[in-house]
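The structure under discussion is supplied below as structure tokens; questions concerning it will follow.
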Amino acid sequence: MAKFKKADSMLEWFDQRLGVVNFAKVMMTEYWIPKNINFLWAMGVLLTMLFTMLLVSGIFLLMYYKPDVNMAFDSVNYTIMQEVAYGWLFRHIHAVGASVVFLIIYIHMFTGIYYGSYKKGREMIWISGMLLFMLFSAEGFSGYMLPWGQMSYWAAYVITEIFGGIPFIGDDLVVWIRGNFYVADATLTRFFMLHVLLIPLAILGAIVFHFYSLRFPHVNNEKGEFFDYEVEAEKYLAGDKKHSKVIPFWPVFLSKDVFVMGVFLIFFFYLVFFHYDFAMDPINFDKANGLKTPAHIYPEWYFLWSYEVLRGWFFEIAGISGKSLGLMAFGFANVIFLLIPWLDRSPTVKPANQRPFFKYWFWILMADLMVLTEFGKLPPTGPNAWVGFGASLTFLVLFLSLPFITKMEAKKAGRK
Amino acid sequence: MKEFKILAVILILVGITYYGIEPYAHSVMHPEVAPADFTFQDVKNVDTKLTGNAANGKTLVEANCIACHAIEAAGNPAVMSNADAAASYGVVPPDLSHAGRIYDANFLANFVFDPVSAMHLQHKYNAESGKQFPMPSYNWMAPQDIMDIVAYLQSIAVKVTDDKAGHKATFEAACGRCHNMQYAGIEATTPADNLKTYMGTVPPDLSQYIKSRGEHYLHSFVNDPQVLLKGTSMPRVGLTEKAQEEVIAYMEEIGDSKKAERNSLGLWVMAYMVVFAFLAYLWKRKIWEEVH
Ligand code: HEM
């Protein structure tokens, strides 16, 4: 065993045992981030903070929540909201946080797409990010069921029903997921387990993996510039901070993130205290009733675009029913973002606006997703159904044409 | 500057999307309805300009009403238990101690004259359905007599304070024969089984309806249920605007009891975050000065 000399300070004591000095260097003070980044690069830290808030508020809710169809609604709306001191605050933080986390995830994702941060060595960052997106979606869906209100019940009913469209195994699959022939106590209890144990564990793992995947390729920057990190880091450490292209994670990068966090939190707490309806649908304050279908059933806002891709196909084409077509389109929509690093065939890493064709592709995609989101909420009747179909078709065409568009772009760049 | 541009783009995209899925979608799914009418102009069988004589009203009420209705405030107890009353009439006739205060005078007079048309329940009680409303119409009475009854009920009406206890009394008098309010420990005076037979459905527990429906909806719904739920069996109860406000205030006191705490704490937390963001900005500037 190594010889230990008596430590002169607490830091040294810990350093002898845990190597904290080196650890802090590797993780913080000599973890290098490019200097030319804007506040969009603070979204990752915002997400980390939001996840922490969700975790902490969730633990408090867990102390009083009862996962039983006869007790769930009142345990939330009476015990937590009205009896427990500040229970309402934890619920509001949790519900608003769960909704806003998706806003930030979408900003984070589309920042990645805009700056091309998913290619040339950053593929694993992208994959792990999409894994987080999928896990968060599952977390959001399972959590929404827990208060056992009307929308909890009917959204769960409609979404689990979607799996029934899968050929051959569909019907059995629905029963397997629900644990019953309809959405019932067994469904609530298993989604409770998923929501408070299995998915959060997976998310924690995926966050660690996501961070790890950032280490070798490093984060991208505003210009998509590649440079030698070691040279730039040496410059920085030698004191030429102004000319170095990098900054350390702590304190320089984080000082900016903390400021962004502060501004974000003003907005966030405004929503928590004064404007929470968008995250806590009023209909969900009616207790679940399997015999009374609400007039309008819609999922949470962050699922609306993919829900509309599903709903857009409402008529038969070439002998395939609208329902099956919708299901195929829905499946496509849910995996296609994962494949972006391979659909984008241009090697250029640049902001979208500096890429001759991709820029149109990007902004049309944004517009299309907004249309899908909007019409995913409106009743799918009359002209709305056709807008939904058009937007859903546009979505497919956009992704199917991406390889060709980017290939053309690469050729054009090669000619220059 | 560039960062402000990026922020502006994000705010615009998020703003448009928010507008579409919240206020706009809401207006499509819940179109505006006719404004609430607290004078109940549509029923005018009784000339409400006549001045009532409370003394004569007392005689009329004692002769016609207290066989079914308790009026505790005037010393007339219920003649039957709630269970028996519900079995006889379908629903427990409400105690009339508050009637003169909570019901609009025009509504009340016309209700006594013809309950079904005042309550907007013609779709349920008509020649075709053969159903009979449990309370008789007093359309044979002279308008003056009806106004005397109204004057009497007003003269004995219990006064309540403008606080939670007062709001509760109004709620119980107006809605208590049909609705539970579990979070306040209030159970409808009529047993659920009777209500199911009488109304076709068990009226919902109202504990959380201030949240699920909101004040705006309740404002028109309670004034006239048919406007928002065409064909519903819930009657128009005919409350004055003030009584209706008390009922809705009570629903909020029970259903959203932490509202005041939320609003005051909210301001403090936001003020704290403003200070936090400002200090964070100063810190950021100091640190970034070295690298720019
Ligand atoms: C709660 C979930 C997530 C957390 C906590 C998280 C956290 C982070 C952090 C801290 C960073 C580094 C700083 C930054 O560039 O913002 C980062 C970068 C990145 N994340 Fe995430 N992220 C999450 C979800 C996602 C999702 C859903 C995607 C999209 C598929 C994604 C894709 C990326 C990409 C591409 C980068 C690199 C950005 C660049 O190189 O410029 N992340 N993430």
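Which listed residue (B:ASN82, B:ALA55, B:ILE66) has the Cα farthest towards the positive end of the charge dipole for the range B:8-116, taking +1 on Lys and Arg C-beta and -1 on Asp and Glu C-beta about the Cα centre?
Most positive-ward Cα: B:ALA55.
What's log10 of I(q)/I(0) for the range A:97-203 at q = 0.13, 0.20, 0.25 Å⁻¹, Debye sum over Cα points only, no solvent?
Results for the range A:97-203 at q = 0.13, 0.20, 0.25 Å⁻¹ read -0.60, -1.04, -1.28.
Moving to a separate point now. A:TRP13 versus B:ASN263, label points 7 Å from Cα toward the beta carbon: distance in nm?
5.3 nm
Within a 10 angstrom radius of each residue's Cβ in B:283-289, how many Cβ atoms of other chains show up on average? Whole number is fine.
What the average comes to for B:283-289 is 5.
Still on this structure, please answer the following. When Cβ neighbours within 10 Å are restricted to other protein chains, what is their mean count per residue of peptide B:204-211?
5
With the convex hull built on the Cα atoms of the range B:207-273, state its orientation-averaged projected area in nm². Please list the in-between numbers first.
Working: hull surface 22.1 nm².
Quarter of the Cα hull surface area: 5.5 nm².
If you don't mind, there's one more thing I want to ask. Would you calculate the volume per residue, in Å³, of the smallest convex hull containing every Cα atom of the range B:102-154?
Residue-normalised Cα hull volume stands at 78 Å³.
Another one. In whole Å, largest first, what are the principal axis extents of the Cα atoms in chain B?
94, 41, 40 Å, listed from the longest principal axis down.
Given R₀ = 41 Å, FRET efficiency for B:PHE278-B:SER155 by Cβ-Cβ distance, to 0.05? Display every interim value, and only then the final one.
Numbers: r = 63 Å, r/R0 = 1.53.
That pair, B:PHE278 with B:SER155, gives E of 0.05.
Then there's this: Cut-off under 16 Å on the C-alpha distance; same-chain residues fewer than 8 positions from B:LYS230 excluded. Which aspartates and glutamates are left, in chain and number order?
List returned: B:GLU32.
Could I ask something else about it? Checking an interface number: how much accessible area is buried between A and B, summed over both chains, with a 1.4 Å probe, in Å² rounded to 100?
Buried area between the two chains comes out at roughly 5000 Å².
Okay, next question. Please sort through the DSSP H helices of chain B and keep those with an alpha-carbon extent of at least 18 Å along the long axis and a Kyte-Doolittle average not below 1.0.
Result, helices passing both filters: B:2-19.
Residue by residue through the range A:304-311, which ³J(HN,Hα) values in whole Hz follow from phi under the Karplus form 6.51 cos²θ - 1.76 cosθ + 1.60 (θ = phi - 60°), with glycine and proline marked x?
Per-residue couplings from phi come out as 4, 5, 6, 5, 6, 4, 5, 6 Hz.
Another question about this same structure. Skipping prolines and chain starts, which residues have an amide H placed within reach, meaning under 5 Å, of the one on B:ILE186, given they are 5 or more residues away or on another chain?
Answer set, sorted by chain and number: B:MET181.
Where does the range A:114-156 land on Rg/Rh, using Cα atoms and the Kirkwood Rh?
Using Cα coordinates only, the ratio equals 1.28.
Let me ask you something else. Would you please report the Å³ per residue occupied by the convex hull of the alpha carbon atoms in the range A:298-416?
Working: hull volume 13.3 nm³, N = 119.
Dividing the Cα hull volume of the range A:298-416 by its residues yields 111 Å³.
Next question. How long are the three semi-axes of the equivalent ellipsoid of the range A:33-291, in whole Å, if each is the root of 5 times an eigenvalue of the C-alpha gyration tensor, listed from largest down?
Semi-axes from the Cα gyration tensor: 40, 22, 14 Å.
What list of ³J(HN,Hα) couplings, whole Hz, do you get for the range A:336-347 from phi and the Karplus terms 6.51, -1.76, 1.60, once you set θ to phi - 60° and write x for glycine and proline?
Per residue, the Karplus-derived 3J(HN,Hα) values read 5, 4, 4, 8, 3, x, 9, 7, 7, 8, 8, x Hz.
Express the accessible area of the range A:193-350 per residue in Å², computed with a 1.4 Å probe while the remaining protein chains stay in the model.
47 Å²
In Å and from the alpha-carbon atoms only, list the Rg and Dmax of the range A:369-416.
Values for the range A:369-416 (Cα only, Rg and Dmax): 15.9, 50 Å.
Here is a further query. Give the carbon-plus-sulfur fraction of the accessible surface of the protein assembly as shown in %, rounded to a whole number; probe 1.4 Å, heavy atoms of protein chains only.
Numbers: 22720 of 34440 Å².
That fraction is 66 percent.
Taking one equal scatterer on every alpha-carbon of the range A:1-96, how large is log10 of I(q)/I(0) by Debye at q = 0.20, 0.24, 0.26 1/Å?
-0.95, -1.17, -1.25
Can you divide the C-alpha Rg of the range B:70-110 by 2.2 N^0.38 Å and report the result to two decimal places?
1.31
Now for a separate question. Could you name the lysines whose alpha carbon sits less than 19 Å from that of B:LYS242, not counting residues in the same chain fewer than 8 places away?
B:LYS242 reaches B:LYS159, B:LYS164, B:LYS168.
Which order do the peptides B:45-51, A:67-73 take when ranked by the mean count of other beta-carbon atoms within 10 Å per residue, highest first?
Order by mean packing, descending: A:67-73, B:45-51.
Can you order the peptides A:132-143, B:146-157 by their average number of other Cβ atoms within 10 Å per residue, highest first?
B:146-157, A:132-143
Which entries in A:LYS287/B:LYS196; B:LYS5/B:LYS211; A:LYS256/A:LYS377; A:LYS119/A:LYS412 show an alpha-carbon gap greater than 30 Å?
Beyond 30 Å between Cα atoms: B:LYS5/B:LYS211; A:LYS256/A:LYS377.
Could you order the peptides B:170-181, A:325-336 from most to least packed, using the average number of other C-beta atoms within 10 Å per residue?
B:170-181, A:325-336
May I pose another question? Going by amide H atoms built from the backbone, whose H comes under 5 Å of the H on A:ILE247, apart from near neighbours?
A:ILE33, A:LYS35
With θ taken as phi - 60° and the coefficients 6.51, -1.76 and 1.60, list the Karplus ³J(HN,Hα) couplings across the range A:379-389 in order, rounded to whole Hz; mark glycine and proline as x.
x, x, 10, x, x, 3, 4, 6, 4, x, 4
Amide H to amide H, which residues 5 or more places from B:ILE71 or on other chains are under 5 Å from it, using H placed in the peptide plane?
Answer set, sorted by chain and number: B:ASN76, B:LEU96.
Right, another one. Assign unit charges at the C-beta atoms only (+1 for Lys and Arg, -1 for Asp and Glu), then state the dipole size of the protein assembly as shown relative to its Cα centre in Debye, rounded to the nearest 20.
3400 debye
From the P(r) of the protein assembly as shown, can you give the percent of Cα pairs sitting at distances over 33 Å?
Distances greater than 33 Å cover 60 percent of the Cα pairs.
The values are calculated or read from the model by the stated rules, or taken from the named source; none is laboratory data. Here the structure is a predicted model, which means the values were calculated and not measured. All Cβ positions, even for glycine, are placed from backbone atoms using ideal geometry, and neighbour counts span all protein chains on display. Please note that ligands, DNA and RNA were not included when accessible areas were found on the heavy atoms of the full protein model with its side chains. Shrake-Rupley method; radii C 1.70, N 1.55, O 1.52, S 1.80 Å.
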